[in-house]
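Novice: Here it is, the structure in full.
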Amino acid sequence: MGLFSRLGTLIRSNINELINKAEDPEKMLNQVLVDMKQQLIEAKKQVAVAIADEKRIKKQWEIEATKAAEWEKKAMLAIRAGDDVLARAALARKADHDEVAGQLKDQWEAQKTSVENLKGALRGLDNKIEEAKRKRNLLVSRQKRAEAQRTINETLSSINSTSAFDTFDRMSDRVTQLEAEAEATAEIGGVLAEGSLESQFKALEASSVDDQLDALKRKMALTAGKTEDPKQLGSAKAAAGEPPVDDLKAAEIDAQLEELKKKLSSS
């Protein structure tokens, strides 16, 4: 019974105190259950031995009782035969077996009572281990919830800290700056594109004015050539380094051709 006493002490120990002392409550409780199960296995072995002893004592008692009954039958047989001496000897042997049978019966009854108590204690121990398992599961669940809550609180604390929001503010300012730089770059690109476009149109306008001026000069030259002697005018122009009239006509034709091209392209 000393084993069951130690197991009872172990089961009745304060599990919460063990949790406070343990670094990891779940591991500690698991180890306690492992120890309890091992003790349960040892207890079952001892109960099995006690049951075997109870059966052995019962068997011996039954043997002695059977022998006593046999010697009683022999004594009755001797009495029928008229041999009282033999009958007394048989009764003496019967008495010896009755005495042993009586002692064995007392032992068997005591052992039987002990075995029944051990079986009851074993069932109680098994129930307590199951209860310990349920309590372990509840405590581990509480531990997990507490750890999860602590993690959430620590996370919220870090998020609510000034440094975290300062980082968001700095990043917001940085993004705003990048947006402003992007808008400025786009604006500069538009100005440059507009300036380039305007310069191109101005170049086209200047080219058109120059063409008109050249055409006007050629027209004036042709008009002056009609009133003067072509030969003299030609020799004078040649002396002055001016192109001949035929060249002017060709140039005028080219100018008119260019004007027609422009009209066609504009239409």
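All of the numbers you see were taken from the coordinates with simple rules; none came from a lab. The structure displayed is predicted, hence computed values, not measured ones. Note that each Cβ is placed from the backbone with ideal geometry, even for glycine, and that neighbours are counted across all protein chains shown.
Novice: For the pair residue 212/residue 264, report the inter-label distance in nm, with labels modelled 7 Å from Cα in the Cβ direction.
Specialist: For residue 212 paired with residue 264, the spin-label model returns 2.3 nm.
Novice: Could you sort the peptides 48-56, 257-265 by per-residue average Cβ neighbour count (10 Å cutoff), highest mean leading?
Specialist: 48-56, 257-265
Novice: Would you mind getting me the FRET efficiency between residue 74 and residue 46? Use the beta-carbon distance for r and R0 = 45 Å, nearest 0.05.
Specialist: 0.60
Novice: Pull out the extension gain between residue 166 and residue 85, defined as 0.36 nm times the separation in residues minus the alpha carbon to alpha carbon distance; nm, one decimal.
Specialist: Taking residue 166 through residue 85 to full extension adds about 17.2 nm, to one decimal.
Novice: Also, quick follow-up: Determine the gain in length on full extension of the stretch residue 55-residue 183; use 0.36 nm per residue of separation and subtract their C-alpha separation, reporting nm with one decimal.
Specialist: Gain on extension, residue 55 to residue 183, equals 36.0 nm.
Novice: Net charge within 14 Å of residue 144 by Cβ-Cβ distance, Lys/Arg positive one each and Asp/Glu negative one each, not counting residue 144 itself?
Specialist: +2
Novice: Place a label point 7 angstrom from the Cα of residue 34 along the Cα-to-Cβ direction, then list the residues of region 126-153 whose backbone nitrogen is under 17 Å away.
Specialist: Output list for this probe position: 133, 136-137.
Novice: Would you kindly state how much longer the chain becomes between residue 222 and residue 253 on full extension, computed as 0.36 nm times their sequence separation minus their alpha carbon distance, in nm to one decimal?
Specialist: Residue separation times 0.36 nm, minus the Cα-Cα distance, leaves 9.9 nm.
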